[in-house]
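K.L.:
Okay, handing you the structure first.
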Amino acid sequence: MAEPVQPFDLTAPPELPEPPEPQAVPGGWRGRFQAMTSPCEVLLEGVTQAQARALLQTAQAEARRIEQKFSRYRADSVVSRWQAQADVWHTLDEESALLIDFAAQCHALSGGLFDISSGVLRRAWTFDGSDRLPEPGAVEALRAHVGWHRIDWQRPRLRVPAGMELDLGGIGKEYAVDRVLGLLLQQAGQLGCVAPALLVNFGGDLAASGPRQDGSAWRVGIERPDAPQPADGAAAHSAGLLDLRVGGLATSGDARRFIHREGVRYGHILDPRTGWPVIGAPRSVTVAAPTCSEAGVLSTLAMLQGPHAEDWLAAQGVPHWVQREPGGPNPQGSTP
């Protein structure tokens, strides 16, 4: 029997708008809300409308709690506090320590390509679709403040040197997906739900508790990199459909954040070793893994491999789909 999901820092939850009202869809219920600058969606089967309403309220509250706690864009987040109080030792709570541990493991396993200290490079790069490139000197100056080896991490104590920044954006949303799914499964049991089927989707990063109630797989679309962003926040045009029965699915790509200059597209995935966008990276990479967090790291690392993304993914032995040019995914591996 799985251990219950433990609550984290719920003493002062963020103020929330009205919880999403469940909408009837074939087979169950759907709820939508905004969090982490992304459209969020939860699909629920095997639950009543009242149970769905309670579960959706939990999903929204937890997603926004995680956003408030870890967003580098919020002055009241723990990440902002670590950086504002530079060169000072901070004793981290268990949830924060787990995320820093995970980031450190990803850095080690990637040979330094996955580096949460590279967020400081955003001071030079805008990725707003314009043609403005930063001055090479500005990028080089910021590189002096990049490098996980410069961060002092002696669990549970953390010290961030002055001038450095930590950015958990590469793992935060995926962590939120896994965390919310675990909480919903636990709460569903407490509400008396029998074998509910749940799918949590935060901005295209998602996790499924298992197959749908009728035993079929969830049908998940992969966004086309060239597809326009719908004005109403609905799903973008799909390049293909995948069957997901259980586990996580995550996508990394440059569909929304890039610079286009003189016929060259500079995606937002930066190489921490150079401070510049990865050369020869795919337009998007989608990976399936046991958890959304694992899928997210693998998809990001694949993008960082540039022209060798497909070979690297094949070596990992995970189901994956790569898009290099508009037109559709090139499936490799097996169906998740």
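What follows is calculated from the coordinates using simple rules that are stated; it is not laboratory data. Predicted model only: the values in this text are computed from it and were never measured. Quick reminder, even Gly has a Cβ in these numbers, built from the backbone with ideal geometry, and neighbours come from all protein chains shown.
K.L.:
Using modelled amide H (1.01 Å from N, peptide plane; none on Pro or chain starts), what sits under 5 Å from the amide H of residue 284, excluding residues fewer than 5 places away?
P.N.:
Under 5 Å from the amide H of residue 284: 323.
K.L.:
Another question, if that's okay. With a/c under 1.5 counting as rounded, go ahead and sort the stretch 104-180 into rounded, prolate or oblate using the C-alpha gyration tensor (a ≥ b ≥ c being the square roots of the eigenvalues; past the cut-off, prolate if a/b is larger than b/c, else oblate). Write out the running numbers ahead of the final one.
P.N.:
On the way: a/c = 2.20, a/b = 1.33, b/c = 1.65.
Verdict is oblate for the stretch 104-180.
K.L.:
With θ taken as phi - 60° and the coefficients 6.51, -1.76 and 1.60, list the Karplus ³J(HN,Hα) couplings across the stretch 81-94 in order, rounded to whole Hz; mark glycine and proline as x.
P.N.:
5, 4, 7, 5, 9, 5, 6, 10, 6, 10, 8, 8, 6, 4
K.L.:
So between residue 34 and residue 98, what do we pick up on full extension, going 0.36 nm a residue minus the alpha carbon distance? Write out the running numbers ahead of the final one.
P.N.:
On the way: separation 64, 0.36 × 64 = 23.04 nm, distance 2.51 nm.
In short, 20.5 nm is gained.
K.L.:
Beta carbons within 10 angstrom, averaged per residue: use that to sort the peptides 69-78, 245-254, 290-299, highest first.
P.N.:
Values: 69-78: 16.7, 245-254: 22.6, 290-299: 24.4.
Result, highest mean Cβ count within 10 Å first: 290-299, 245-254, 69-78.
K.L.:
Tell me, 168, 206, 185 in order of fewest to most beta-carbon neighbours within 10 Å?
P.N.:
Working: 168 23, 206 26, 185 18.
Final ranking by Cβ density, sparse to dense: 185, 168, 206.
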